[in-house]
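Worksheet: one structure, shown below.
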Amino acid sequence: MSVELSPELLEMDALLRRASSGFAYPPTPRIAEAVVARLRAAPERSSLLERLFGAPVARAAAGAMLALLAVVGVSLAVPQSRDALADLFGLSSVRVDRTPYVGPTPPVLSPESFARPATIEQARSAVDFPLRFYERDGVRYYPIAVYIADADSTIPYPILVYDDFDLYEREDGFFGKGGPDPSLIHEIEFDGMPALWIDQGGHIAETYDAEGRLIVESVRTVDRATLIWEEDGVAFRLETSLRQAEAIEVARSVR
């Protein structure tokens, strides 16, 4: 019987294949002989798997687990793979692939190119979480324009356009890919929260639907710096020409 793999597993498989193609493998140690010798020297005890399913099934399960650990171990030995795998394994709803983007560079698109104009009330109604706005000195500043990106109607997300930045808010996160220079992507922290800062220079932004499928219309190049963070299950993406310290101050003021 055939099994259809999820998009996450397919993506992980592709990542592992990329990592293995450039990895210089050392000679394989004689692990099996050492393990067998230790098992023979150990007292005869049946495992929980053996008691429940029998010895053949237990041995097969143990072998599969060792194989999986070996693959993951090799991948984590490569820094680039370790970073990408950490994001792929869902440590955050915001995922970033630091490997260089392969293929024609997508165009730089402003929100009006891929999202529809909306009012603040329409944006509020489109999401299941309280919409946040930029505040300073106790004053709330409303955006000069509002858009709703809903190429996939199951996860619409608002985009609030201000003079110096565009603020994206989405409950299910975003996906980013590397550009010409993946070193532009930095893991940072502010106010005890992990965040990502992507320098100016061009990176690829993508959005996926609830089933993990790429929304083709969302693929674009972002030439401005980007700050990404999460609060209360909502992912925020700030695309801006501001410096990092200034962008963090804006993020602190989003309420």
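Condition check for Ile144 on (1) of a type outside the set (Ser, Thr, Tyr); (2) surrounded by 14 or more Cβ atoms within 10 Å (Cβ to Cβ); (3) modelled with pLDDT of 95 or more: one failure, at (2). For residues that are touching a Lys or Arg at 6+ places or on another chain (Cβ under 6 Å) and of a type in the set (Gly, Ala, Ser), scanning just the stretch 167-218, find the one that is modelled with the highest pLDDT. Among residues in the stretch 167-218 that are touching a Lys or Arg at 6+ places or on another chain (Cβ under 6 Å) and of a type in the set (Gly, Ala, Ser), the one modelled with the highest pLDDT is Ala205. Show the residue pairs meeting these rules: Cβ distance below 7 Å; 6+ apart or different chains; first residue within the stretch 231-251 and of a type in the set (Lys, Arg); second residue part of a loop (DSSP other than H, G, I, E, B). Close Cβ pairs satisfying both conditions: Arg237/Phe174.
Residue count for the stretch 155-178 under the criterion of being buried (at least 21 other Cβ atoms within 10 Å of the Cβ) and more than 17 Å from Ala235 (Cα to Cα): the result is 1.
For beta carbons closer than 8 Å, sequence separation of 6+ or different chains, a first residue in the stretch 107-123 that is under 19 Å from Tyr142 (Cα atoms) and a second that is assigned to a loop (DSSP other than H, G, I, E, B), the qualifying pairs are Ala115/Asp150; Arg116/Asp150; Ile120/Leu131; Ile120/Tyr142; Ile120/Pro143; Ala123/Leu131. Checking each residue in the stretch 113-152 for being of a type in the set (Lys, Arg) and either outside any strand (DSSP E or B) or farther than 17 Å from Val254 by Cβ (or both) picks out Arg116, Arg124, Arg132.
The values are calculated or read from the model by the stated rules, or taken from the named source; none is laboratory data. Everything numeric in this text was worked out from a predicted model, so none of it was measured. Note: ideal-geometry Cβ built from the backbone for every residue, glycine included; neighbour counts use all protein chains shown.
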